[in-house]
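Heads up, the thing below is written out as structure tokens.
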Amino acid sequence: MLLLGVAWAGAAQGRDGADIYARRCIQCHSIARMTKLLPTLGTPDTLRERLRTLLPIHHAPDPREHEQLLDYLMALRREP
């Protein structure tokens, strides 16, 4: 039962990140563009740190949204 709850929470978090992205980011940063760009910005750890620095100053002022956006963007990242 606990695993089901964890899986559901993860899925809900992904939807939340996607919703936040659609509301705040997609006007300037298409998903296709980000899918191509994100792998060029370094390793997953490097990318996550770069995004942690960028999000608070780049149209994502709500700290409650940062981790959800991070998780969503990391899911978009594909290896080149």
Original post:
When only residues in region 35-58 that are in a helix (DSSP H, G or I) and hydroxyl-bearing (S, T, Y) count, which is surrounded by the most Cβ atoms within 10 Å (Cβ to Cβ)?
Top reply: T35
Original post:
Just one of the numbered conditions (1) of a type outside the set (D, E, K, R); (2) surrounded by 13 or more Cβ atoms within 10 Å (Cβ to Cβ); (3) modelled with pLDDT under 95 is not true of G5; which one?
Top reply: (2)
**OP:** Just give me the residues in region 16-42 being more than 17 Å from E67 (Cβ to Cβ), among the hydroxyl-bearing types (S, T, Y) and in contact (Cβ under 8 Å) with a residue 12 or more places away in the chain, in sequence order.
**Re:** T35, T40
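The values are calculated or read from the model by the stated rules, or taken from the named source; none is laboratory data. If you're wondering where the values come from, they're calculated on a predicted model, not measured in any experiment. So basically every Cβ, Gly included, is an ideal-geometry build from the backbone, and we count neighbours across all protein chains shown.
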